[in-house]
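Read the structure below first, then the notes.
Computed from the coordinates by the stated procedures, all read-outs in this text should not be read as laboratory data. Every value quoted in this text rests on a predicted model; they were computed, and no experiment measured them. Don't worry about glycine lacking a Cβ; one is built from the backbone with ideal geometry, like all the others, and counts go over all protein chains shown.
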Amino acid sequence: MAKFNLESLAKCGAKTRSGKPCQRYGNKTNGRCKLHGGRSTGAKTKEGKLAVRVNALLNNFMWFCDNHFYMKISKSDMERAIKAYLNLVDLTNLKYNELQNQVIDIVSEYRVELETAKYYIEKYEGPEALVIIQSALDHYYKDNANEHLHFHVYTPIYPTPFYHRIHGSKAEDALFTKMQVKTINKKGCFYSGRVCLSPMQKEFKKQLKDSKEKHT
């Protein structure tokens with residue numbers, strides 16, 4: 001007698017080559033069968049999670065503008081970068097033989113945020129701040145043989161004081177083109193995506209919702 005009833009599982013439902021939904025049973029974790037991602041654990045690294053987030057975008061044009069023209073670095077990312085920087089400053093007072101893995105641990109947790117905001121911190125804290133951050137990043141990348149520039153195409157980076165290119169790099173342009181083609185294939189040429197509300201619109205929408213709830 002079987003310990004588990006397969007018929008209690010939902011069908012996978014992923015789109016097959018024929019265009020019809022997959023009729024295999026999905027697993028309990030994510031509802032997909034083994035042929036359509038059921039065995040996948042999902043992205044584990046920061047770089048992988050950033051890539052997955054971009055794949056799910058509905059409006060790649062706004063994403064491109066936010067990253068390259070508006071430099072929309074989230075408040076939480078900036079706070080995490082400053083916290084990591086202050087921790088690194090504390091470690092500069094220690095001698096080499098007193099250090100263990102503290103620097104590597106900090107960068108491992110905050111490397112994306114530090115890369116994103118290091119020039120912002122340098123603007124207010126001076127060149128020494130950039131030297132401290134970059135030294136810690138380089139130690140981490142050498143220890144891990146990490147291709148550290150890969151995630152730059154997915155995140156806004158506070159502009160460098162010199163040689164800054166507002167239109168980004170060839171890799172960023174290639175990624176944006178790939179995203180546009182993907183959106184056109186899925187949604188058509190004139191799909192505009194989800195419109196992002198301004199803070200004022202969000203506040204008005206919230207007030208309107210609260211007023212309706214009170215009225216009912």
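Could you work out the local net charge near Ser108, counting Lys and Arg as +1, Asp and Glu as -1, over the other residues with Cβ closer than 11 Å to its Cβ? Could the numbers behind the result be given before it?
On the way: positive: Lys46, Arg111; negative: Asp105, Glu109, Asp143.
Local net charge: -1.
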Going down the list Lys46/Lys142; Lys72/Lys118; Lys15/Lys170; Lys75/Lys123, which pairs span over 22 Å between their C-alpha atoms?
Lys15/Lys170
Once both label points are put 7 Å beyond Cα along the C-beta direction, the Lys123-Asn185 separation in nm becomes 3.8
For labels at Lys205 and Ser8 in the simple 7 Å Cα→Cβ model, what's the distance in nm?
3.9
Calculated from backbone phi, Karplus (6.51, -1.76, 1.60) coupling profile of the stretch 120-132 in Hz, x at Gly/Pro
5, 5, 4, 4, 9, 9, x, x, 4, 4, 5, 4, 4
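Where Lys and Arg each count +1 and Asp and Glu each count -1, what net charge lies around Ala129 among other residues with Cβ under 12 Å from its Cβ?
Working: positive: Lys118, Lys123; negative: Glu122, Glu125, Glu128.
Combined, the nearby Lys, Arg, Asp and Glu give -1.
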